[in-house]
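Written below as structure tokens is the structure these notes are about.
Throughout, read-outs are computed from the coordinates displayed, never taken from laboratory work. Fair warning: this is a prediction, and the values are worked out from it, not measured in the lab. With ideal geometry, Cβ positions are generated from the backbone for all residues, glycine too; neighbour counts draw on all protein chains shown.
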Amino acid sequence: MPELPDLEAYRSFFNRRIPGVGINAVTVSIPLVVRVPKDDFIATLTGNVFGEVERRGKFILFSLRSGDYLAIHPMLTGRFQYRRPQEKRQPKTCFVLALSNGDELRYFDDRRMGKVYLVKEGAFDVMPLFGELGPEPLSEQFTEEVFRERLRRFRGQIKSVIRNESLVAGIGNAYADEILFAAGVHPYRKRAELSPEDESRLYQAIRSVLGQAAAIVTERVEKEGLPVDEYRDHLKVHRRGGQPCPTPSCGKPLTEITAAQRITTFCRHCQK
């Protein structure tokens, strides 16, 4: 699933290429993911022109000269291609935008779980979940005081809590593992059991892990292009069960547990 660092990389990639570029033609091959009538979707986009690309949580927002936004929530398997028309399309390509610069912007989705909207500026809350999003974790407004105050509204295991986008936007399963490892917090600890010191380390880990990952992924996307799957080889623990803990003074095998179709990887020794 694309998470904040991935979508930040997509945003940067597109902002270097498509502002001011027109949409010459629109092809919709899998209408299921488009949450507006197909004819309206084609009519609104055809002849329109891209502005800046924005992001909110796990939504990527393509502004258009008409005042509309092409808003995409990729969910689990939604991805993008930016290719010349003659280059092969990915299976399950849902729609293709033929651009005035000769390229194509494509959206494909293996499980067809993503959601694609056309919304007016200022009307984003019509999209399910958008109005419930918490603060952006890399914004100046997301201070430690804000985090602590919001965190204490939640109950349950801390990994589930920090994945809840009404607490803070953009954190998914993979980066939750990385954040909790960096903070030295066990993923199955109850939120109410955290000390003020735990909360402080968790806040710092959210900022540092996501900030560093966004820079790494953005650089790779710019050099290597949009990936079919997310770049994950820079992660320290997620999906590395059985490998040595990366903490030099530890080195014990990482634990990996699958529950509710989600993989959780952590160090039982470094994350008490």
**Study point:** Non-local Lys pairs in the range 4-132, i.e. 8 or more apart or on different chains, that have alpha carbons under 22 Å apart
**Key:** 7
Study note, to complete from the structure: Per the rule of 0.36 nm per residue minus the C-alpha distance, extending residue 250 to residue 148 adds in nm 33.8 nm
Study note, to complete from the structure: Quick calc, the chain, dipole around Cα centre from Cβ unit charges on Lys, Arg (+) and Asp, Glu (-), nearest 20 debye, gives 820 debye
Practice item. Quote the charge dipole size of the range 1-154 about the Cα centre in Debye, to the nearest 20; the model charges only the Cβ of Lys and Arg (+1) and of Asp and Glu (-1). Key: 580 debye
Check your understanding: Which whole-Hz couplings ³J(HN,Hα) result when phi for each residue of the range 194-210 is put into the Karplus expression 6.51 cos²θ - 1.76 cosθ + 1.60, θ = phi - 60°, listed in order with x for Gly and Pro?
Key -> 6, 7, x, 5, 4, 4, 5, 5, 5, 4, 4, 5, 4, 5, 6, 5, 5
Review point. Fully extended, how many nm does the chain gain between residue 86 and residue 160 (0.36 nm per residue separation, minus their Cα-Cα distance)?
Key: 22.3 nm
Check your understanding: Around residue 190, with a cut-off of 12 angstrom between Cβ atoms, what is the net charge of the other residues, counting Lys and Arg +1 and Asp and Glu -1?
Key -> +2
Check your understanding: Given N residues in the range 4-132, what is Rg(Cα) / (2.2 N^0.38 Å)?
Key -> 0.96
Check your understanding: Sorted by average packing, counted as other Cβ atoms within 10 angstrom per residue and highest first, what order do 45-54, 206-215 take?
Key -> 206-215, 45-54
Exercise for review: Output the peptides 167-175, 86-94 sorted from most to least packed, where packing is the average of other Cβ atoms within 10 Å over each peptide's residues.
Suggested key: 167-175, 86-94
Exercise for review: With runs of 4+ DSSP H residues as the only contributors, calculate the mean residue ellipticity of the chain at 222 nm using -39,500 (n - 2.57) per run, divided by the residue total and rounded to the nearest 500.
Suggested key: -8500 deg cm²/dmol
Exercise for review: Apply the Karplus parameterisation 6.51 cos²θ - 1.76 cosθ + 1.60, with θ equal to phi minus 60°, to every residue of the range 148-155 and state each ³J(HN,Hα) to the nearest whole Hz, in sequence, with x for glycine and proline.
Suggested key: 4, 5, 6, 4, 6, 7, 10, 10
Exercise for review: List every residue whose amide H lies under 5 Å from the amide H of residue 51, counting only residues 5 or more places away in sequence or on a different chain, with H placed 1.01 Å from N in the peptide plane.
Suggested key: 20, 63, 64, 65
Review point. Each label point is 7 Å from the Cα along the Cα-to-Cβ direction; what then is the distance between the points at residue 30 and residue 216, in nm?
Key: 2.9 nm
Check your understanding: Counting only residues 5 or more places away or on other chains, whose amide H sits under 5 Å from the amide H of residue 56 once H atoms are built in the peptide plane?
Key -> 61
Revision key, fill the gap. The answer for residue 115, listing residues at least 5 apart or on another chain whose modeled amide H is closer than 5 Å to its amide H, is 73, 75
Review point. Where nothing but the Cβ of Lys and Arg (+1) and of Asp and Glu (-1) is charged, how large is the charge dipole of the range 144-266 around its Cα centre, in debye to the nearest 20?
Key: 460 debye
Exercise for review: Could you run the Karplus curve 6.51 cos²θ - 1.76 cosθ + 1.60 with θ = phi - 60° over the range 243-256 and give me ³J(HN,Hα) per residue in whole Hz, x for Gly and Pro?
Suggested key: 7, x, 4, x, 5, x, 7, 10, x, 6, x, 6, 8, 10
**Study point:** Sequence ranges 189-198, 107-116, ranked by mean other-Cβ count within 10 angstrom, highest first
**Key:** 107-116, 189-198
Review point. Using only Cα atoms, what is the ratio of the radius of gyration of the range 63-121 to 2.2 N^0.38 Å?
Key: 1.18
Point to revise | Order of 13, 59 under a 10 Å beta carbon neighbour criterion, fewest first | key: 13, 59
Study note, to complete from the structure: Once normalised by the length of the range 144-266, the mean sequence separation of its alpha carbon contacts under 8 Å that are 6 or more apart gives a contact order in percent of 22 percent
Check your understanding: Taking the chain as a whole, which cysteines find no other cysteine Cβ under 4.7 angstrom from their Cβ?
Key -> 94
Revision key, fill the gap. Between (i) 56, 46, 32; (ii) 57, 36, 31; (iii) 52, 39, 35, the structure-derived Cα extents along the principal axes in Å is (ii)
